Amino acid sequence: MFKKILIANRGEIAIRIMRACKELGIKTIAVYSDADKNALHVQHADEAIHIGDSSPKESYLNADKLIRAALDSKADAIHPGYGFLSENASFALKVASVKLTFIGPSADSIRAMGDKAESKIAMKKAGVPTVPGFEGLDSEKDLKKAGREIGYPVLVKAAAGGGGKGMRVVNDESELSESIESARREALNAFGDERLLIEKYIPNAHHIEFQVFGDQHGNLVHLFERECSVQRRHQKIIEETPSPLLISPLREEMGSAAVKAAQAVGYYNAGTVEFIVDPDTLTLRQGSGQGFYFLEMNTRLQVEHPVTELVVGLDLVQWQLRVAAGELFPYSQEQLAQHGHAIECRVYAEDPANDFLPSTGKLLQYIEPRGPGIRVDSGFTAGDEVTHFYDPLLAKLIVHAENRAIAIRRMQVALKDFVVHGVVTNIDFLQAVLSHPDFANGEVTTRWVEKTLESGSLLPENRQQAVELQSLIAAALADLAIDNRQSKIDNRSEPDPYSLWRNPSGFRN
Amino acid sequence: MKLHFNDITLDISSNGKTFALTLDDKTIQAEILHAEIGKLDLLIDGQRVTAYVSSDNAKRWVTVNGQTFVLTKSSGARKGGHAHHAAGELTAPMPGQVRAVNVSEGDAVTKGQTLLVLEAMKMEIRVQALQNGLVKKLLVKQGQTVEREQMLIEIVDTLES
């Protein structure tokens, strides 16, 4: 087993990885940028190395600096977390070239899944269902022909793409030429690669992904699904497992397809195979293998891995470390089962009333909920600064309960106990989604948030006037309490319960 | 005494342990049961209420029953509504960094033209001209960090200049 690991990441995921390391008796090294000098992840580590300016390019995305830090501190391995360099094949190669272990799959697996066109071709060859479409077409004439064959609406998307960039929905052949041009331009700008692929557009899809896990000795299993259809601008907001949509034998079919997909690229360590599921086709299908399609594979640990951990009962990060060190993964597919229901809400520092734009500032108060079945993975504490340099994720609130209905209630109550002052959060918005009948019925598709916001039926929980009045009174009495204290400032013998604004963690001034 | 939050005025009198708060001809009885740093346990018209409170200059953050409100305390001189920016004065819709400045003072701009690009937390926002005109004032430069609502650029009608 490793003695010392460098974590090439920040925030909640760096802390999550450090916890697993400590439990396995491994020393940890944090890296940090200027902005993260006092960040929580730095405090959690045994050693911390400054790697540069606040801008990610100068710090968390700088492969050479990270590798230098690992070598200087005599680490055995690097854990990339998610985001940043986690899916960068050349980083994985560089790490290996200096005789360090990259905690993740091989660089070849990362590369094979990194290109949307290449991976789709590989999946077709492996017999994994993919969205009907074509790869490798160049001329507008060929794309037009393909569009007709597939049938509109179609999607043109960048082969090198991700995050919705270089992607266009084309409703009619008359829009095709312009869409190709603008998708190409965006793809070239974002990825330096203008190759496109064209496929059937499925408008009312569920996003359902399967966790896969393998060791370096050929064992590879799936750890069931995660339903991630609650999304906004291609960003996941709420994830859960089991999916309210999946029933046997579809779950088993999709699980085997995920395993097949991973095997096709010689996968080991933790990975996620994403599918889109068309509920309309599902109702028509009779075990025909139709209705779900391979979307892409994420060759890393996912943000939403905790829901799987709770329901399957495994510590995925510990197992990432163990299989990277060469251990066998001991569980067969038959030994694995789902227990109860888990939901994750991503608490973001963003303002739903200001078009979900980021909100920054100092956390004046930060109180996390506690209780049976509640887990919070967070990278912040009271007094921390939320800066504009990095992802607006404040915390992941995860609940586990015996069934979906109880899990939803548990989440609603836990969110109520989450107090964040200093930045605006999406907590009200999360409550609005959780209490919507479409969510309760498991009928949310990937465009649901946008559509429902537009139709006006997804509003922040009606602010009760009574509560608003109580807040006003609380603010007034708190202010009076300070004035009280100030007028009695000489009376030293008197206890001072009213130092409400003078928080010892130095919230202000 | 009087306290002002947002556009609301509260008239407060104390009667030993309890307070009477009056707003819009309505009077509410309240009592502080317990106070600790950042938290008040109150009895408001006989109902127990736990409130989390924080202060940041004039701003008051208050959470009651899972709902968070941001109130602004004022000295009482009621302003004539919000300070409105003139149509050509563009402010930052979010805090962040100025990634690109595409114009200089004196440039003619057309409606919809991208003047500045802001970036925060991996998001990119284009600040576009709302009208045809001239750049009268450019108040930020590339790389600069801006607060939400900070004035970025002023555009005037061609005739005005």
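The listed residues are A:399, A:413, and the only one of them that is over 20 Å from residue B:61 (Cα atoms), among the hydrophobic types (A, V, I, L, M, F, W, C) and in a helix (DSSP H, G or I) turns out to be A:413. Among the residues here, residue A:133 does not qualify as buried (at least 20 other Cβ atoms within 10 Å of the Cβ) and out of contact with any helix residue (DSSP H, G or I) (no Cβ under 7 Å at 6 or more places or on another chain).
Within the stretch A:204-220, one or more residues are at positive phi and either acidic (Asp, Glu) or out of contact with any Leu (no Cβ under 8 Å at 6 or more places or on another chain) (or both). The test for being of a type in the set (D, E, K, R), in contact with a Gly (Cβ under 9 Å, 6 or more places away or on another chain) and either crowded, with 17+ Cβ neighbours inside 10 Å or over 30 Å from residue A:443 (Cα atoms) (or both) does not hold for residue A:140. What do you reckon, is residue A:165 in a helix (DSSP H, G or I), of a type outside the set (Phe, Trp, Tyr) and surrounded by fewer than 20 Cβ atoms within 10 Å (Cβ to Cβ)? Considered against the rule, which asks whether it is in a helix (DSSP H, G or I), of a type outside the set (Phe, Trp, Tyr) and surrounded by fewer than 20 Cβ atoms within 10 Å (Cβ to Cβ), residue A:165 comes out as no. Among the strands (runs of 3 or more DSSP E) confined to the stretch A:188-295, the ones with at least 2 residues that are under 24 Å from the mean Cα position of the chain (by Cα) are located at A:206-214, A:220-232, A:235-241, A:269-277.
Of A:342, A:349, which residue is within 25 Å of residue A:226 (Cα to Cα), within 20 Å of the chain's Cα centre (by Cα), surrounded by 18 or more Cβ atoms within 10 Å (Cβ to Cβ) and away from chain B (no Cβ under 12 Å)?
Of A:342, A:349, the one residue that is within 25 Å of residue A:226 (Cα to Cα), within 20 Å of the chain's Cα centre (by Cα), surrounded by 18 or more Cβ atoms within 10 Å (Cβ to Cβ) and away from chain B (no Cβ under 12 Å) is A:342.
Do the conditions hold for residue A:497, that is, is it surrounded by 14 or more Cβ atoms within 10 Å (Cβ to Cβ), modelled with pLDDT under 95 and touching a helix residue (DSSP H, G or I) at 6+ places or on another chain (Cβ under 7 Å)? When the stated conditions are applied, residue A:497 does not pass them. The residue list A:135, A:140, A:175, A:181 contains one member that is closer than 14 Å to residue A:200 by Cβ and more than 25 Å from the chain's Cα centre (by Cα), which is A:135. Counting only helices (runs of 4 or more DSSP H) that fall entirely inside the stretch A:37-99 and contain at least 3 residues that are in contact (Cβ under 8 Å) with a residue 60 or more places away in the chain and under 20 Å from residue A:321 (Cβ atoms), the qualifying elements are A:63-72. Considering each residue of the stretch A:373-397, count those that are more than 14 Å from chain B (Cβ to nearest Cβ) and touching a Cys at 6+ places or on another chain (Cβ under 8 Å), and give that number. Residues flagged as more than 14 Å from chain B (Cβ to nearest Cβ) and touching a Cys at 6+ places or on another chain (Cβ under 8 Å) within the stretch A:373-397 amount to 1. Of all the residues in the stretch A:37-51, those that are closer than 19 Å to residue A:65 by Cβ and under 21 Å from the mean Cα position of the chain (by Cα) number 2.
Figure legend. Inter-residue proximity from the stretch A:302-315: first residues more than 14 Å from residue A:272 (Cβ to Cβ), second residues not in a loop (DSSP other than H, G, I, E, B), beta-carbon distance below 6 Å, spacing 6+ or different chains. Indicated pairs: A:310/A:342; A:310/A:400; A:311/A:241; A:311/A:342. Working only within the stretch B:98-120, note down all residues that are within 11 Å of chain A (Cβ to nearest Cβ) and surrounded by fewer than 19 Cβ atoms within 10 Å (Cβ to Cβ). B:99, B:119 - these are the residues of the stretch B:98-120 that are within 11 Å of chain A (Cβ to nearest Cβ) and surrounded by fewer than 19 Cβ atoms within 10 Å (Cβ to Cβ).
Among residues of the stretch B:42-65 being at the interface with another protein chain (Cβ under 7 Å from one of its Cβ atoms) and of a type in the set (Ser, Thr, Tyr), the one that is surrounded by the fewest Cβ atoms within 10 Å (Cβ to Cβ) is B:52. Filtered by the rule that a residue be more than 14 Å from chain B (Cβ to nearest Cβ), over 19 Å from the mean Cα position of the chain (by Cα) and in contact (Cβ under 8 Å) with a residue 40 or more places away in the chain, the stretch A:413-440 gives a lone residue, A:439.
So which residues in the stretch A:356-372 are of a type outside the set (D, E, K, R) and either in a strand (DSSP E or B) or within 13 Å of chain B (Cβ to nearest Cβ) (or both)? Scanning the stretch A:356-372 gives A:356, A:357, A:358, A:359, A:360, A:361, A:363, A:364, A:365, A:366, A:367, A:369. Based on what the data block shows, is residue A:93 touching a strand residue (DSSP E or B) at 6+ places or on another chain (Cβ under 9 Å), of a type in the set (A, V, I, L, M) and within 23 Å of residue A:264 (Cα to Cα)? Answer is yes for this residue.
The values are calculated or read from the model by the stated rules, or taken from the named source; none is laboratory data. Predicted model only: the values in this text are computed from it and were never measured. In this analysis, Cβ positions are derived from the backbone assuming ideal geometry, glycine residues included, and neighbour counts consider all displayed protein chains.
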